[in-house]
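Notes to accompany the following structure.
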Amino acid sequence: MTDVTKVQQLDLNLLKVFESIYQEQNMSRAAEVLHITPSAVSHALKRLREHLGDPLFQRSNNRMLPTPACQRMAPQIIDNLTRLRQILQHWGEFQPHSSQHHFRLGIHYALEPSILPKLAKRLSELAPNTTFSSVKVDRGNLTRELGAGHIDMAFDVALPIKPPVLHTKLIDGKFCVLMRKGHLLENNLTQQTYFTAKHIGVSNRPSGAAAEDILFQQQGLSRQISIRCQNYYAAKAMLIESDFLLTVPYMLGKELLADSAQSNTLIEAPMPVQLTNIETHLYWHKNTEHDAALSWFRQILESLI
C-alpha cells in the first residue's frame, strides 16, 4: 500500500513528468515536451517511483511501457490534470455556457415553488451544464453557513443580520387570505369577521408566533389559531375541507391557488386589516462579493423576481 504521508508530500510537478512519459512512452521525447533534460526526467521518475512504491514504467527496447497499476491509474490522473489546467486557465472568469459549477441556495421550502421552476428554466437556457441544490436555511447559523461555503447564498425573510453577511431586498410583499370556495366569509371578510374566525397557522418552529402574528402583536391584535402545522401545502389541504382561514404572503398564495386551479377549490381575498408587508432578502457572504460565478448567479436570482 502507498505511504499516505509520502503522497501528501508529493511534488505535483512530478505528475507533469508522469503524464508526458505515459503519453510519449519515451524519456527523450518526454524531456523535449517538457523543455527539460532527459536526466531531469529520469530523476523525476525515480522520485515518483519512491513516493508511489511502484516502478510505473518498464523499459522495452526504446519504449517506456506502463505497469498494470500505472495503466489503471494513469487515465484518472491525466484527466484530473487536464481539468485542473482548465480551471486555472479560467481563473477569475465564469463562462456560463461551458461551466459545470454547482450552486447551493438556502431557501425556505415555501418559497421553492415560486423560485425554483424559474431558476431551473433560466439555468437550462444560459448555463445548461451547471447544477444547483436547494437546502433548508438555518437562520441561527446563517453567517457561519455562508462563511464556510456550505451555501452560496440564501433567500429568506428580512433578518436582523450584520456584516460580513450582505443582503439586498428582492420582494416587498403583502399578505392575502385563502379560504375554501363557498366559505361564509367569501364576500364578507372584514376586520371583525377575520378576527372572530378560526385560523390555520404555519411555522416549522416548535413554538413561537408565526411571522404574521408577530406583526399583529405589534398592533395589539391577535387571532384564534385552531391548528398549527409546519407545511403550507398541508394547511392548504385542510383548508379545502374546513371553514378555517389561511393567511399567507401574496406570492405564496398565488402558488397555492395555481396548484388548486384544476379543482377550483380555493379563493383568495385581500387582507381586511392593515398589515406591514413581509420582505424577502437575498443574503451572501462578503468574501464571495466579487466571485465571478456567484455574482452571476446572484444576478440571475434577482432577475427572477
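Laboratory data are not the source of any read-out in this text; all were calculated from the coordinates shown. Just so it is clear, the structure is predicted and the values come from calculations on it, not from any experiment. Every residue, glycine as well, gets a Cβ built from its backbone with ideal geometry; the counts of neighbours run over all protein chains shown.
Couple of notes before you dig in:
- Positive-end extreme of charge dipole, the chain - chosen from 113, 258, 151 (charges on Cβ): 151
- Cα centroid of the range 251-305 to Cα centroid of the range 139-156, whole Å: 18 Å
- Each residue of the range 224-231 is assigned a 3J(HN,Hα), and the resulting list reads 8, 8, 8, 9, 10, 9, 9, 9 Hz, derived from the Karplus form 6.51 cos²θ - 1.76 cosθ + 1.60 (θ = phi - 60°), x at Gly and Pro.
- In this rough spin-label picture, where each label sits 7 Å from Cα along the Cβ direction, the residue 13-residue 198 distance is 7.8 nm.
- Across the cross-link table entries 174/254; 136/181; 174/236; 162/286; 121/286; 198/236, which are compared at the Cα atoms, the separations over 22 Å belong to 136/181; 121/286.
- Nearest-0.05 FRET efficiency for residue 205 and residue 71, computed from C-beta distance (R0 45 Å): 0.20
- Label-point separation in nm, residue 174 to residue 238, each point 7 Å along Cα→Cβ: 2.7 nm
- Length-normalised contact order of the chain in % [C-alpha pairs under 8 Å, at least 6 apart]: 20 percent
- Label selected from (i) 1.02; (ii) 1.23; (iii) 1.07, the criterion being Rg/Rh (Cα atoms, Kirkwood Rh) as computed here: (ii)
- Counting DSSP beta bridges with both ends in the range 175-276, the antiparallel % (nearest 5): 55 percent
- Local electrostatic count at residue 123 - Lys and Arg +1, Asp and Glu -1, tallied over other residues with Cβ under 14 Å: +3
- Here each label is just a point 7 Å from Cα along the line to Cβ, and for residue 63 and residue 78 those points are 1.4 nm apart.
- Additional length obtainable on full extension of the chain from residue 112 to residue 271, 0.36 nm per residue less Cα span: 54.9 nm
- Once the Cβ-Cβ distance of residue 37 and residue 286 is raised to the sixth power relative to R0 = 51 Å, the FRET efficiency obtained is 0.60.
- Within the listed set 250, 283, 22, the Gaussian network model of the chain (springs between alpha-carbon atoms below 10 Å) gives the highest mean-square fluctuation for 22.
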